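Participant: The following block contains the structure, expressed as structure tokens.
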There are 2 protein chains.
Amino acid sequence: MPIEVKPYKFEPVIFELRYNRMADEIMGFIINILSNKKAVEKIHIIPNWVEAINERVVKQLMIKSIHGTLAIEGNPSTEKEIEKILSEEDLRKIKERKDIETYNIKQVYDYINNFKKPEPNKPLLITEELIRELHRIITDRTFENGNVPGQYRNFEVKVGDEQHGGIYRPPHILEDIKMLMKGLVEWLNSEEVMKEYPVIRAILAHYYLELIHPFGDGNGRAGRALESLILHDFGFKYGSSFALWIYYYSNYDIYFSLFSKARKENKGEQTEFIIFALSVLNNALENVFEEIVNITDKLLFKDYLSYLAKNRKINSRQYLISEMILDKNIMSAEELNNYPLLNTLYKKRTPRTFQRDMKALLETHQLIIKITKEEKIYYQANIKGLISKYG
Amino acid sequence: MPIEVKPYKFEPVIFELRYNRMADEIMGFIINILSNKKAVEKIHIIPNWVEAINERVVKQLMIKSIHGTLAIEGNPSTEKEIEKILSEEDLRKIKERKDIETYNIKQVYDYINNFKKPEPNKPLLITEELIRELHRIITDRTFENGNVPGQYRNFEVKVGDEQHGGIYRPPHILEDIKMLMKGLVEWLNSEEVMKEYPVIRAILAHYYLELIHPFGDGNGRAGRALESLILHDFGFKYGSSFALWIYYYSNYDIYFSLFSKARKENKGEQTEFIIFALSVLNNALENVFEEIVNITDKLLFKDYLSYLAKNRKINSRQYLISEMILDKNIMSAEELNNYPLLNTLYKKRTPRTFQRDMKALLETHQLIIKITKEEKIYYQANIKGLISKYG
């Protein structure tokens, strides 16, 4: 059931599911999102892969996600600067506002990533305490606009600009904000919303939080964090519940315009905003999963080399050459010829041996492919050719 | 648009999509099916796995599927007998009707598995020739009930029995069958059906073929083959497009009763039959995928052992013991102690060495787990403990 709240000094707000669930795009995106989610759950890994996945995929995605959610709000930090802050151990060195924000977002990222429900087997209930805790972490030590970390505001704020559908003046007295937040949380935990797809619940939690705009600062980040928390709880892996921050940022204009449009022109009808948010989420997931598959393919290939070497189908020189080319992604013939490892390997051999080894890697085993570009020769591991889907 | 056909000596038949597409179960199953399909597409394999997957999963599933579709029609062949026929090279030895049927189903299985559309990038069009070719293969050399392989009948048949909703008398003159088959094929290729989920198209192709029952014998097998062909074309891997034959067989009573019910009580309303068929398909897929994941996990584990040995994290004795236990699935301590390989490995060693090796496998590396059952000790590879989903 929809919940209607009538604030003292703000127009009535109805919390409701008001979108066309039969819209082909919505069904299509939901199917894609759930399929991708399930697909990634089926990717099994072995312990020797964990480090590579963490370092080459999860950490890089984390940096990109953090960059996205900060950049939306005008924080100028580059990905490089963010990476530096994340590894800074001396907190006293984190002084500038942009660095504090970065640090805080990493904290909220970790908070969500490690979040455990009080009752693991029951659905996640959203509470005001939880939302305020997210906000507290995000705006800790930022001292902005009279904002108090974790507390609702009791003053007026303006949201948006003319380019994105005009200025919006959300409710501005504390009583109204309290009343609306109570209504929002009640509705988010209602039977109607709980039996929706969690992705819809996550999107609408974000949507209504921006509508109420309960805090003095950091409402956008808090809303996106809440959305990620719900997705994380639903089981999105590898940090994919945060990856949509990247795509909100790269679709900045649409993101803000559709908020305004849903509120004003559509008078609360959510279809367009939901389709946009689903497309963002779908995009984020597809990209995360592609990266995971790329890295697991590479690791599988490495294990395959191990298998070939162990079963003496390739010799140890061939094994080391293949592994080196794999690790480097691409290697010119020149670079290979001058590589120190190569000299060590073939010190007591004739050039013919090297040629024979390479020929077998290229032709018999097809582990390596040769690419000619601008009359230069390059080598690459033949991952696509060897790691394949079955049948 | 629905297509209505008015036969001379049979009631009018309307080919139409007549099911409640909003039924929660239908949407739920379709999402599950598409998710599972996508999940299996993401399982990547390396060349040294192909043989194990073929032998231990795909072939076993093929035998079970063939057994299912034959057993539904009362063919008494066991899985063992079927396996024997499949490897029989001397066709002259295949004489008994049940063996000929087995041989034929394997032929139609291969036909579907190798089926290439005339135009690979266009949707699969169903033609009468195609349906008749499936039937021709299925009933070749069976000489049953005046049935002519690949030809429509021109005589009356009775279908079903009292236990499954009563006897059904399908159209019985050739002109009517021709007219109905023409209508069916036209409808299956119509825009309306082509933009449906292919799983729905596959189910309804099967459903209407049974309604027309165009052949003297083998209609059930032909209908299920047509269904599998559409699913195969849609991209179901590892023979999963055939696995539903297993589940039709194990749900035999419901399968036939729901045909009758849709036809009689529901007057052509398909929801119940579609939900049943989707549940069968979903079941089939989930089981296929679980088997694939089980085998790929085992292969991943093997590659992990290879990695550990290559990097000298375990010694070659430990490697061989682990691999042997993995291959045997489970091994009692007694069996292990008396195993010839073990004597060879530890010939020049003290018993302490063996104990130390085992202790490290069990405790440090946790590659092996110890199970005590009825006071006997067993060893098993710790696949679940080591191969995991990320995070």
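The values are calculated or read from the model by the stated rules, or taken from the named source; none is laboratory data. What you see is a predicted model; the values in this text were computed from it and never measured. As a convention, Cβ positions derive from the backbone with ideal geometry for all residues, glycine included, and neighbour counts pool all protein chains shown.
Participant: Could you tell me whether A:Y346 is closer than 30 Å to A:Y208 by Cβ and of a type outside the set (S, T, N, Q)?
Facilitator: Here the answer is no, as A:Y346 does not meet what is asked.
Participant: Related question: Restricting to the range B:144-156, and then to whatever is touching an Asp or Glu at 6+ places or on another chain (Cβ under 9 Å) and within 21 Å of B:K98 (Cα to Cα), can you tell me which residue is surrounded by the most Cβ atoms within 10 Å (Cβ to Cβ)?
Facilitator: B:P149
Participant: Then there is this: Pick from B:Y319, B:Y307: which is over 28 Å from the mean Cα position of the chain (by Cα), over 30 Å from A:Y238 (Cα atoms) and either within 14 Å of another protein chain (Cβ to nearest Cβ) or not in a helix (DSSP H, G or I) (or both)?
Facilitator: Result of the check over B:Y319, B:Y307: B:Y319.
Participant: Could I ask something else about it? Here are B:K302, B:K313: which of them is outside any helix (DSSP H, G or I) and either within 14 Å of another protein chain (Cβ to nearest Cβ) or not basic (K, R) (or both)?
Facilitator: Result: B:K313 is the single residue among B:K302, B:K313 that is outside any helix (DSSP H, G or I) and either within 14 Å of another protein chain (Cβ to nearest Cβ) or not basic (K, R) (or both).
Participant: Then there's this: Where residues in the range A:1-32 are within 26 Å of the chain's Cα centre (by Cα) and among the charged types (D, E, K, R), which of them is modelled with the highest pLDDT?
Facilitator: A:E25
Participant: Got a sec? Which of A:S279, A:S316 is touching a helix residue (DSSP H, G or I) at 6+ places or on another chain (Cβ under 7 Å), within 30 Å of A:Y247 (Cβ to Cβ) and among the hydroxyl-bearing types (S, T, Y)?
Facilitator: After ruling out the rest, the residue left standing is A:S279.
Participant: Taking the range B:345-390 on its own, how many of its residues are within 14 Å of chain A (Cβ to nearest Cβ) and within 32 Å of the chain's Cα centre (by Cα)?
Facilitator: Matching residues across the range B:345-390 total 10.
Participant: Looking only at the range A:84-97, which residues are under 18 Å from A:S65 (Cβ atoms) and surrounded by fewer than 18 Cβ atoms within 10 Å (Cβ to Cβ)?
Facilitator: Correct list: A:K84, A:L86, A:S87.
Participant: Mind listing whichever residues of the range A:213-224 are surrounded by fewer than 22 Cβ atoms within 10 Å (Cβ to Cβ) and under 14 Å from the mean Cα position of the chain (by Cα)?
Facilitator: Within the range A:213-224, none qualify.
Participant: Which condition breaks for B:N36 when tested against (1) crowded, with 20+ Cβ neighbours inside 10 Å; (2) under 30 Å from B:H172 (Cβ atoms)?
Facilitator: (2)
Participant: All but one of (1) free of Cβ contacts under 8 Å to residues at least 40 places away in the same chain; (2) within 14 Å of chain B (Cβ to nearest Cβ) hold for A:I26; which doesn't?
Facilitator: Answer for A:I26: the failing condition is (1).
Residue-by-condition table, conditions (1) away from chain B (no Cβ under 14 Å); (2) at pLDDT 90 or above; (3) touching a Phe, Trp or Tyr at 6+ places or on another chain (Cβ under 9 Å); (4) assigned to a helix (DSSP H, G or I):
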site: A:A262; (1), (2), (3), (4): yes, yes, yes, yes
site: A:N266; (1), (2), (3), (4): yes, no, yes, no
site: A:F273; (1), (2), (3), (4): yes, yes, yes, yes
site: A:N282; (1), (2), (3), (4): no, yes, yes, yes
site: A:F289; (1), (2), (3), (4): no, no, yes, yes
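Participant: Mind checking whether some residue in the range A:225-234 is under 14 Å from the mean Cα position of the chain (by Cα), within 26 Å of A:H135 (Cα to Cα) and within 11 Å of chain B (Cβ to nearest Cβ)?
Facilitator: Looking for residues that are under 14 Å from the mean Cα position of the chain (by Cα), within 26 Å of A:H135 (Cα to Cα) and within 11 Å of chain B (Cβ to nearest Cβ), one finds at least one in the range A:225-234, hence yes.
Participant: In the range A:1-20, how many are surrounded by 15 or more Cβ atoms within 10 Å (Cβ to Cβ), part of a loop (DSSP other than H, G, I, E, B) and not aromatic (F, W, Y)?
Facilitator: 4
Participant: Hey, could you check the range A:39-56 for residues that are more than 7 Å from every other protein chain (Cβ to nearest Cβ) and crowded, with 20+ Cβ neighbours inside 10 Å and say which is farthest from A:N287 (Cα to Cα)?
Facilitator: A:W49
Participant: Which of the residues spanning the range B:64-80 are part of a helix (DSSP H, G or I) and surrounded by fewer than 17 Cβ atoms within 10 Å (Cβ to Cβ)?
Facilitator: B:E79, B:K80
Participant: Of the conditions (1) out of contact with any Asp or Glu (no Cβ under 9 Å at 6 or more places or on another chain); (2) in contact (Cβ under 8 Å) with a residue 24 or more places away in the chain; (3) assigned to a loop (DSSP other than H, G, I, E, B), A:K95 clears all except one; give me its number.
Facilitator: (2)
Participant: Something else now. Please go through the range B:128-163 and give me each residue that is of a type in the set (D, E) and assigned to a helix (DSSP H, G or I), ordered by number.
Facilitator: Matches in the range B:128-163: B:E128, B:E129, B:E133, B:E162.
Participant: State yes or no: is B:N104 within 24 Å of B:F256 (Cα to Cα), assigned to a loop (DSSP other than H, G, I, E, B) and in contact with an Asp or Glu (Cβ under 7 Å, 6 or more places away or on another chain)?
Facilitator: Considered against the rule, which asks whether it is within 24 Å of B:F256 (Cα to Cα), assigned to a loop (DSSP other than H, G, I, E, B) and in contact with an Asp or Glu (Cβ under 7 Å, 6 or more places away or on another chain), B:N104 comes out as no.
Participant: Exactly one condition in (1) in contact (Cβ under 8 Å) with a residue 40 or more places away in the chain; (2) surrounded by 15 or more Cβ atoms within 10 Å (Cβ to Cβ) is not met by A:L345; state its number.
Facilitator: (1)
Participant: Please enumerate the residues belonging to the range A:336-362 that are part of a helix (DSSP H, G or I) and among the β-branched types (V, I, T).
Facilitator: Of everything in the range A:336-362, those that are part of a helix (DSSP H, G or I) and among the β-branched types (V, I, T) turn out to be A:T344, A:T353.
Participant: Working carefully through the options A:N338, A:N311, find the one that is surrounded by fewer than 20 Cβ atoms within 10 Å (Cβ to Cβ), at pLDDT below 90 and farther than 30 Å from A:I30 by Cα.
Facilitator: Going through A:N338, A:N311 in turn, just one is surrounded by fewer than 20 Cβ atoms within 10 Å (Cβ to Cβ), at pLDDT below 90 and farther than 30 Å from A:I30 by Cα: A:N311.
Participant: Let me ask something additional. Among the residues of the range A:33-46, which ones are part of a helix (DSSP H, G or I) and at pLDDT below 90?
Facilitator: A:L34, A:S35, A:N36, A:K37, A:K38, A:A39, A:V40, A:E41
Each row is one residue, and each column tells you yes or no for (1) crowded, with 20+ Cβ neighbours inside 10 Å; (2) at pLDDT below 95; (3) not assigned by TED's automatic domain parsing to the domain that holds B:N145.
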| position | (1), (2), (3) |
| --- | --- |
| B:K158 | no, yes, no |
| B:G166 | no, yes, no |
| B:P171 | yes, no, no |
| B:K182 | no, no, no |
| B:E186 | no, no, no |
| B:H206 | yes, no, no |
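Participant: Condition check: more than 13 Å from chain B (Cβ to nearest Cβ), crowded, with 18+ Cβ neighbours inside 10 Å, in contact (Cβ under 8 Å) with a residue 40 or more places away in the chain and of a type in the set (F, W, Y). Does A:Y247 satisfy that?
Facilitator: Judged against the criteria, A:Y247 is a match.
Participant: For A:R141, state whether it is of a type in the set (K, R), within 24 Å of A:Y111 (Cβ to Cβ) and crowded, with 17+ Cβ neighbours inside 10 Å.
Facilitator: no
Participant: I'm told B:I325 meets every condition in (1) in a helix (DSSP H, G or I); (2) touching a strand residue (DSSP E or B) at 6+ places or on another chain (Cβ under 7 Å); (3) in contact (Cβ under 8 Å) with a residue 60 or more places away in the chain except one. Can you identify the failing condition by its number?
Facilitator: It is condition (3) that B:I325 fails.
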